[in-house]
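A short worksheet on the structure shown next.
The values are calculated or read from the model by the stated rules, or taken from the named source; none is laboratory data. On a predicted model such as this, the values are computed, not experimentally measured, just so you know. Neighbour counts run over all protein chains shown; Cβ positions are idealised from the backbone, glycine included.
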Amino acid sequence: MGAILYPLAVLAALVLGAFGFGALLPAAHVASRTKRISARPETVWGLINDPVATNGWGGDVKTEVVERDEPRLLVTKIVGESAFGGTWTYEIAPEHHDASMVTITERGEVYNPLFRTVSRVMGQARTIDGYLAKLETALT
């Protein structure tokens, strides 16, 4: 009997600890990354705005455009989610003649304390890092 109860008690303590830690964290966070991409801003802009090409790069999250200033600024907002929300701001600046500096800034909110703990442990810029890596690969 103890062989079953002990692991369950440990699991319950871990979940409660993660929930408690997350409750102490702020719901809002800001994460930002910048990467040099070997493509002109117009090319980067075209790919970022192609939902077929970028399908799944940022997860299966539905967004709507809040602000657009082609080819240098795009702000999208998460819609239809209950666990998290926020915006992604894409800034594209020319770098010499054939490259761009791409900055993605996430201003997010994670409403569930358990998810806040997971977000903090996994890294709040993890999705941005993955997106920039996929963008770079697609344009090289």
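Would it be correct to say that E81 is over 25 Å from T137 (Cβ atoms), under 17 Å from the mean Cα position of the chain (by Cα) and among the charged types (D, E, K, R)? Against the criterion (over 25 Å from T137 (Cβ atoms), under 17 Å from the mean Cα position of the chain (by Cα) and among the charged types (D, E, K, R)), E81 qualifies. Note on the range 94-140: among residues that are among the aromatic types (F, W, Y) and in a helix (DSSP H, G or I), the one that is farthest from I37 (Cα to Cα) is F115.
Among residues of the range 121-140 that are modelled with pLDDT under 90, those with a Cβ under 9 angstrom from a residue that is acidic (D, E) and surrounded by fewer than 17 Cβ atoms within 10 Å (Cβ to Cβ), sequence gap 6+ or separate chain, pair up as G123/D129.
Look at T43 and say whether it is assigned to a loop (DSSP other than H, G, I, E, B), among the polar types (S, T, N, Q) and farther than 20 Å from G108 by Cα. Even if it seems obvious, please write down each step before you answer.
Details: assigned to a loop (DSSP other than H, G, I, E, B): no; among the polar types (S, T, N, Q): yes; farther than 20 Å from G108 by Cα: yes.
Taking the combined requirement at face value, the residue does not satisfy it.
Within the range 98-111, residues that are among the basic types (K, R) reach partners that are part of a strand (DSSP E or B) with beta carbons closer than 7 Å, at six or more positions or on different chains, in the pairs R107/V30; R107/G86; R107/T87. Across the range 18-25, not a single residue is classified as in contact with a strand residue (DSSP E or B) (Cβ under 7 Å, 6 or more places away or on another chain) and not β-branched (V, I, T).
Only one of G22, G86 is in contact (Cβ under 8 Å) with a residue 12 or more places away in the chain, surrounded by 13 or more Cβ atoms within 10 Å (Cβ to Cβ) and in a strand (DSSP E or B). Can you tell me which? Full working, then the answer.
Working: G22 fails: in a strand (DSSP E or B).
The conditions single out G86.
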